[in-house]
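The values are calculated or read from the model by the stated rules, or taken from the named source; none is laboratory data. The structure presented is a predicted model; accordingly, all values stated were derived computationally and were not measured. Heads up, the Cβs are rebuilt from the backbone with ideal geometry, glycines too, and the neighbour counts pull from every protein chain shown. Just so you know, the surface numbers come from the protein's heavy atoms only, side chains and all, with ligands and any DNA or RNA stripped out. Shrake-Rupley method; radii C 1.70, N 1.55, O 1.52, S 1.80 Å.
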Amino acid sequence: MRETEHLEPYNIKISFFITLLFYLNTPSCCQVYPDTYVDSSLKNGINSIIIQDYTQAKKIFTELDAKYPRLPLGKIYLAAVQIAKSFDYGEDYNKILIDSLLHSAEEQSEQLLDENEDNIWNNYFLGLSKGYLAYFNALNEEWISSFSDGIDALDAFN
């Protein structure tokens, strides 16, 4: 378990970043995914994470991943659920699971880009995958990986 007594200033910064990350990636804030089921799932799942209903969020994103296995969004947000839940409860991160989900999402995103590099959603998926990898690496104080993935995320978003 992580030590919590020395984390208060760190928690404030990370909590702000988590809120900002979810806000900026909330479909209702910035964009609407063309498929209404996917869009609704994203909105409901992200809102469940924000209100700390991790069981419901996991259910929503598991269903999204099962129904749309070619889209990396289910995997990305399943990782986000794991990260937020572990952070909130002060538990150790399930690094193997989170890395697996995010790297799988990254590979899917790259395959989609190979099929159609002009599709803005495919670029968004890659940027989001890399962004969460950068964030997770920063939480684990893996600064070089975090910086590298962050730069890759910015490139994908551009």
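Selection within the range 136-153: residues that are touching a Phe, Trp or Tyr at 6+ places or on another chain (Cβ under 8 Å) and assigned to a helix (DSSP H, G or I). The member of this set that is nearest to Leu73 (Cα to Cα) is Phe136. Considering the range 80-100, and only residues there that are closer than 16 Å to Asn137 by Cα and small (Gly, Ala, Ser), the residue that is surrounded by the most Cβ atoms within 10 Å (Cβ to Cβ) turns out to be Ala80.
Taking residues in the range 29-52 that are closer than 16 Å to Arg70 by Cα, and partners anywhere that are charged (D, E, K, R), the pairs with Cβ atoms closer than 8 Å and at least 6 places apart or on different chains are Tyr33/Asp39; Tyr37/Lys67; Ser41/Glu63. Quick check on the range 35-63: of everything there that is touching a Gly at 6+ places or on another chain (Cβ under 9 Å) and among the charged types (D, E, K, R), which residue is farthest from Val81 (Cα to Cα)? Looking at residues that are touching a Gly at 6+ places or on another chain (Cβ under 9 Å) and among the charged types (D, E, K, R), I get Glu63. In the range 43-74, which residue that is open to solvent by less than 10 Å² (accessible area, probe 1.4 Å) and among the hydrophobic types (A, V, I, L, M, F, W, C) is farthest from the chain's Cα centre (by Cα)? Result: Leu64. Only one entry of Leu133, Leu128, Leu113 meets the criterion of being assigned to a helix (DSSP H, G or I) and either open to solvent by 80 Å² or more (accessible area, probe 1.4 Å) or touching a residue at least 40 places away in the same chain (Cβ under 8 Å) (or both), and that entry is Leu128.
Of everything listed in (1) closer than 25 Å to Ala138 by Cα; (2) crowded, with 16+ Cβ neighbours inside 10 Å; (3) not small (Gly, Ala, Ser), the single unmet condition for His103 is (2).
Here Tyr77 meets each of (1) over 22 Å from Asn140 (Cα atoms); (2) under 14 Å from the mean Cα position of the chain (by Cα); (3) open to solvent by less than 20 Å² (accessible area, probe 1.4 Å); (4) at pLDDT 95 or above with one exception, condition (1).
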